[in-house]
1. Does segment 456-490 hold any residues that are among the charged types (D, E, K, R) and modelled with pLDDT under 80, and which are they?
2. Please specify each residue of segment 224-246 satisfying the condition of being closer than 17 Å to F308 by Cβ and open to solvent by 50 Å² or more (accessible area, probe 1.4 Å).
3. Which condition from (1) of a type outside the set (D, E, K, R); (2) open to solvent by 70 Å² or more (accessible area, probe 1.4 Å); (3) part of a helix (DSSP H, G or I) is the one that L420 breaks?
4. Anything in segment 50-85 that is buried (at least 18 other Cβ atoms within 10 Å of the Cβ) and more than 20 Å from G20 (Cα to Cα)? List them, or say none.
5. Given the conditions (1) touching a residue at least 60 places away in the same chain (Cβ under 8 Å); (2) within 27 Å of T267 (Cα to Cα); (3) open to solvent by less than 70 Å² (accessible area, probe 1.4 Å), report the number of the one that N485 does not fulfil.
Amino acid sequence: ELHFMKKIPTGAEASNVLVGELDFLRQPIVAFVRLTPAVLLSGMTEVPIPTRFLFVLLGPEGKAHQYHEIGRAMATIMTDEVFHDVAYKAKNQADLVAGIDEFLDQVTVLPPGEWDPSIRIEPPKSVPSQEKRKMPGALDDSASHSKPEKHSGPELERTGRLFGGLIRDVKRKAPWFWSDFRDGLSLQCLASFLFLYCACMSPVITFGGLLGEATDGHISAMESLLGASMTGVVYSLFAGQPLTILGSTGPVLVFEKILYKFCKDYTLSYLSLRACIGLWTAFLCIVLVATDASCLVCYITRFTEEAFAALICIIFIYEALEKLSHLRETYPVHMHSNLDFLTIYSWKVMDLGPRSSELPSYPMFPCAARAPPLCPDALFLQECRYWHGEFQGPACGRDGPYTPNVLFWCCILFFSTFVLSSSLKKFKTSRYFPTRVRSTISDFAVFLTIVVMVLIDFLMGIPSPKLHVPHVFKPTRDDRGWFINPIGPNPWWTVLAALIPALLCTILIFMDQQITAVIVNRNEHRLK
């Protein structure tokens with residue numbers, strides 16, 4: 001059929017409709033198959049073009065004519081410009097059924113007794129455009145007067161009563177409270193649990209370390225971990241949208257840096273002032289709840305959501321690349337394979353003052369540069385770090401003698417983790433293994449990637465930097481406890497002055513949390 005082949009446009013794909021009878025069937029079986037990619041099935045079509053869709057209908061004997069008519073109807077639907085777009089993009093059975101319903105709404109039906117089927121109906125002189133059918137809401141009467149999409153719902157309506165919105169939220173949530181826990185008992189949710197554990201623990205400890213550097217250890221990894229644990233549990237149990245994950249963010253880190261520098265410049269107690277700001281922030285958040293301030297979310301546009309999501313992505317990507325680039329300072333790259341870089345190093349003690357008499361008298365620990373040892377020694381490194389010595393020599397990095405391979409190994413881990421995670425996530429659409437196995441691997445993609453790369457790193461034995469997790473449950477600094485006096489050594493007026501930075505912190509937290517909740521609640525996520 002080469003003559004017919006010339007009339008088919010380039011890139012066309014076929015839909016095969018197959019119907020039949022089987023004597024052992026008790027009820028009809030229907031399957032609609034979309035192949036990825038399209039496959040050339042020899043002998044199925046008149047012309048050699050790849051097949052994208054298969055419609056199969058098998059049923060018990062005696063109804064061959066009905067099956068044939070259903071097949072004709074399905075073939076007619078597949079010629080519709082709008083429905084085959086739906087078939088290409090459908091994600092589940094509901095999408096296909098919705099496409100069929102839309103087609104039936106637009107089809108013209110002729111009654112059987114009013115026309116002669118043997119007479120040919122002349123086609124129209126001009127075919128009407130189908131673009132209107134492709135526009136969402138174009139067929140509604142009010143479509144021409146429709147306004148830009150806004151976030152709406154009973155949870156975003158102002159009640160006019162104190163805590164009215166909170167009371168309505170509780171009433172709306174209460175009937176579903178226990179089912180939220182029961183519905184979470186599934187394998188797919190287990191994959192989310194494991195992924196979120198890794199996704200939450202890593203930034204909490206990492207940002208805790210950065211906070212420790214910024215605040216001189218007043219708030220560090222242990223305090224950050226405890227705060228994230230307590231607020232995370234309470235928020236997940238009682239929040240209106242528990243899918244929002246709480247944790248430290250970049251803007252909060254900047255806020256803490258500025259506040260600590262301010263306290264240091266004006267000799268104020270940082271922790272006491274921070275406690276006042278936290279109490280004022282909690283009070284202002286309660287005021288926002290009492291006045292139904294969440295109804296302001298309806299003014300957040302899709303542009304704001306996308307800009308906020310892009311900002312979060314950029315911050316995370318930048319933090320990851322920045323950490324990788326900073327490794328060059330700790331683990332420098334020495335070029336041209338000079339073996340002296342692996343062997344020559346020493347250390348000296350800088351300005352010990354009255355403790356200088358306590359220095360060890362061993363010849364291998366000189367106060368100034370003398371004959372250095374030729375290879376790393378555990379006791380040498382331990383003593384040097386104990387006396388806060390400064391490493392010197394061409395083989396030295398910032399934290400000790402030169403360690404080869406670390407920087408390049410970290411680059412390999414960095415990009416291998418990304419590539420492996422992306423590949424496993426796409427494994428659901430591969431050709432290997434049954435569907436259930438592929439779906440499970442895709443759901444656990446991130447967790448499996450982390451486990452695999454950690455094991456590879458452990459087996460290689462290269463001292464790549466690790467997250468420093470506290471081993472003892474106590475405050476980072478020995479000169480503070482878990483409970484902080486809001487006034488402490490600060491003047492009394494700092495309690496009132498803390499209202500100004502607390503107002504800025506409240507705006508930051510409110511915007512951060514509300515925009516995140518709006519993104520989670522998008523219609524395309526189809527949350528119940």
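The values are calculated or read from the model by the stated rules, or taken from the named source; none is laboratory data. Remember, it's a predicted structure, so these values are computed and weren't measured experimentally. Every residue, glycine among them, receives a Cβ derived from its backbone with ideal geometry; neighbour counts consider all protein chains shown. Side chains are part of the model used for accessible areas, which takes the heavy atoms of the whole protein and leaves out ligands, DNA and RNA. Shrake-Rupley method; radii C 1.70, N 1.55, O 1.52, S 1.80 Å.
1. Our first condition is that a residue be among the charged types (D, E, K, R); within segment 456-490, this holds for 457, 466, 474, 477-480.
Those that are among the charged types (D, E, K, R) and modelled with pLDDT under 80: K466, K474, R477, D478, D479, R480.
2. Narrowing segment 224-246 to residues closer than 17 Å to F308 by Cβ: 241, 243-246.
Those that are closer than 17 Å to F308 by Cβ and open to solvent by 50 Å² or more (accessible area, probe 1.4 Å): L243, I245, L246.
3. (2)
4. Within segment 50-85, R52, D80, F83 qualify.
5. (3)
Residues are listed down the side, and each one gets a yes or a no for (1) closer than 30 Å to I70 by Cβ; (2) at pLDDT 80 or above; (3) touching a Leu at 6+ places or on another chain (Cβ under 7 Å):
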| position | (1), (2), (3) |
| --- | --- |
| K91 | yes, yes, no |
| P111 | yes, no, no |
| P124 | yes, no, no |
| K132 | yes, no, no |
| G137 | no, no, no |
| D141 | no, no, no |
| W178 | no, yes, no |
| F195 | no, no, no |
| C198 | no, no, no |
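Listed here are the residues, each with its yes/no results for (1) among the β-branched types (V, I, T); (2) more than 20 Å from S224 (Cα to Cα).
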| residue | (1), (2) |
| --- | --- |
| P465 | no, yes |
| T476 | yes, no |
| D479 | no, no |
| N490 | no, yes |
| W493 | no, yes |
| A497 | no, yes |
| Q514 | no, yes |
| A517 | no, yes |
| R522 | no, yes |
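Matching residues to (1) farther than 13 Å from A12 by Cα; (2) at pLDDT 90 or above:
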position	(1), (2)
T45	no, no
P50	no, no
F55	yes, yes
G59	yes, yes
A64	yes, no
H68	yes, yes
I77	yes, no
V82	yes, no
V86	yes, no
